[in-house]
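Q: Sharing a structure, written as structure tokens. Questions coming.
The values are calculated or read from the model by the stated rules, or taken from the named source; none is laboratory data. Keep in mind it's a predicted model, so treat the numbers as computed, not measured. Methodologically, a virtual Cβ is constructed for each residue, glycine included, from the backbone with ideal geometry; neighbour enumeration extends over all protein chains shown.
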Amino acid sequence: MAPSRQIPIKFPESELGFEDMEITAANRAICAAIRKPERWPYHAFCLVGTKGSGVTTLAKAWASERKARYIPSTALAKLDLPDIESLTETDLVVDDVDALVDVETLLLLLSGIKRHETHILLAAHSVPELWRVQTPDLRSRLKAAPLAELPAPDEDLMRARLRRAFARSFLDLPKSVEDYLVTRLGLDYSQIEETAEILAGATGDRPLTIPLTREILDEEKGRGDG
């Protein structure tokens with residue numbers, strides 16, 4: 001009989017600072033680069049990563065460390081010009097910049113940041129050439145900004161992300177199952193959260209073992225293929 005599926009109870013995870021997160025060979029150079037804005041060749045820095053890569057986590061950690069303001073691009077549309085100008089008086093993070101549709105807003109932010117000699121971290125899921133806001137002036141400014149793309153995780157980072165995902169779902173992750181999942185999922189951020197949710201919803205009171213993990217995930221894969 002197929003295991004019953006439950007909705008796992010999850011509580012929001014407290015935001016991670018740089019001192020709390022796993023820093024490995026995969027992300028060490030990028031973390032070092034964004035944490036020293038005084039060495040940036042331009043007042044803006046573009047941080048890019050696929051969904052699930054941790055780009056928002058890094059952006060929020062940077063905002064916390066710099067005592068900067070953090071704002072998603074969707075919230076910018078609700079601000080008037082004085083509000084946008086006031087944002088640039090301190091260091092600033094704009095997340096999901098690739099979803100921004102108003103080119104003038106981004107130009108105003110970059111101009112204000114330069115005028116106030118502050119710094120702006122632009123976080124996105126795609127490189128600037130693919131952003132929806134495009135003008136010759138903006139392209140020129142963004143080309144001057146350093147760009148860092150988060151790579152695929154290494155094994156240490158993958159394991160750390162798995163442990164955090166399972167902790168959020170209040171599901172014990174034995175070392176043997178962790179080893180199995182690293183092999184099964186490969187070095188792929190995109191499957192971590194879904195895998196933890198599937199297992200948390202199907203294990204019930206049963207302790208997680210490799211055979212049970214394999215059974216649940218194979219059944220879920222068969223359901224998807226079907």
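Q: Would you mind finding the one in ALA77, ALA63, ALA25 that is of a type in the set (Gly, Ala, Ser), modelled with pLDDT of 90 or more and more than 30 Å from LEU217 (Cβ to Cβ)? Let's see the steps before the verdict.
A: Values: ALA77 fails: modelled with pLDDT of 90 or more; ALA25 fails: more than 30 Å from LEU217 (Cβ to Cβ).
Of ALA77, ALA63, ALA25, the one residue that is of a type in the set (Gly, Ala, Ser), modelled with pLDDT of 90 or more and more than 30 Å from LEU217 (Cβ to Cβ) is ALA63.
Q: Could I ask something else about it? Looking at LEU142, is it in contact with a Cys (Cβ under 8 Å, 6 or more places away or on another chain), assigned to a helix (DSSP H, G or I) and within 23 Å of TYR70 (Cα to Cα)? Don't jump to the end; show me each part of the working.
A: On the way: in contact with a Cys (Cβ under 8 Å, 6 or more places away or on another chain): yes; assigned to a helix (DSSP H, G or I): yes; within 23 Å of TYR70 (Cα to Cα): yes.
Judged against the criteria, LEU142 is a match.
Q: Something else about it: Please specify each residue of the stretch 36-51 satisfying the condition of being under 19 Å from the mean Cα position of the chain (by Cα) and not aliphatic (A, V, I, L, M). Give the steps one after another, and end with the answer.
A: As a first pass, look at the stretch 36-51 and keep what is under 19 Å from the mean Cα position of the chain (by Cα): 44-51.
Passing the criteria: PHE45, CYS46, GLY49, THR50, LYS51.
Q: What tally of residues in the stretch 33-58 results from selecting those that are within 15 Å of PRO146 (Cα to Cα) and surrounded by 12 or more Cβ atoms within 10 Å (Cβ to Cβ)? Talk me through it step by step, then tell me what you get.
A: As a first pass, look at the stretch 33-58 and keep what is within 15 Å of PRO146 (Cα to Cα): 33-49.
Checking which are surrounded by 12 or more Cβ atoms within 10 Å (Cβ to Cβ) leaves us with 33-35, 37, 40, 42-49.
Residues that pass the stated criteria total 13.
Q: Sticking with this structure for a sec: Among the numbered criteria (1) modelled with pLDDT of 90 or more; (2) out of contact with any Asp or Glu (no Cβ under 7 Å at 6 or more places or on another chain); (3) under 29 Å from VAL55 (Cβ atoms), which single criterion is violated by LYS221?
A: So LYS221 meets the others, but not (1).
Q: Being surrounded by fewer than 16 Cβ atoms within 10 Å (Cβ to Cβ), under 16 Å from the mean Cα position of the chain (by Cα) and not in a helix (DSSP H, G or I) narrows it down to one of ALA148, ALA152, ALA123, so name that one. Let's see the steps before the verdict.
A: Numbers: ALA148 fails: surrounded by fewer than 16 Cβ atoms within 10 Å (Cβ to Cβ); ALA123 fails: surrounded by fewer than 16 Cβ atoms within 10 Å (Cβ to Cβ).
Every option except ALA152 fails the conditions.
Q: Now, a different point. Confirm whether GLU117 is exposed (fewer than 12 other Cβ atoms within 10 Å of the Cβ), touching a His at 6+ places or on another chain (Cβ under 9 Å) and not polar (S, T, N, Q).
A: Numbers: exposed (fewer than 12 other Cβ atoms within 10 Å of the Cβ): yes; touching a His at 6+ places or on another chain (Cβ under 9 Å): yes; not polar (S, T, N, Q): yes.
Answer is yes for this residue.
Q: Helices (runs of 4 or more DSSP H) wholly in the stretch 52-110 with at least 2 residues that are among the small types (Gly, Ala, Ser) and under 21 Å from GLN134 (Cα atoms) - which ones?
A: Working: elements: 55-66, 73-76, 81-87.
Of the helices (runs of 4 or more DSSP H) lying wholly inside the stretch 52-110, those with at least 2 residues that are among the small types (Gly, Ala, Ser) and under 21 Å from GLN134 (Cα atoms) span 73-76.
Q: Of the numbered conditions (1) touching a residue at least 60 places away in the same chain (Cβ under 8 Å); (2) within 17 Å of TYR42 (Cβ to Cβ); (3) aliphatic (A, V, I, L, M), LEU150 satisfies every one except a single condition; which is it?
A: Failed condition: (2).
Q: Do you know which residues across the stretch 128-145 are touching a residue at least 40 places away in the same chain (Cβ under 8 Å) and either outside the structural domain of ALA32 (by TED's automatic domain parsing) or over 19 Å from LEU92 (Cα atoms) (or both)? First the steps, then the outcome.
A: Looking only at the stretch 128-145, we keep the residues that are touching a residue at least 40 places away in the same chain (Cβ under 8 Å), and these are 128, 141-142, 144-145.
Of everything in the stretch 128-145, nothing turns out to be touching a residue at least 40 places away in the same chain (Cβ under 8 Å) and either outside the structural domain of ALA32 (by TED's automatic domain parsing) or over 19 Å from LEU92 (Cα atoms) (or both).
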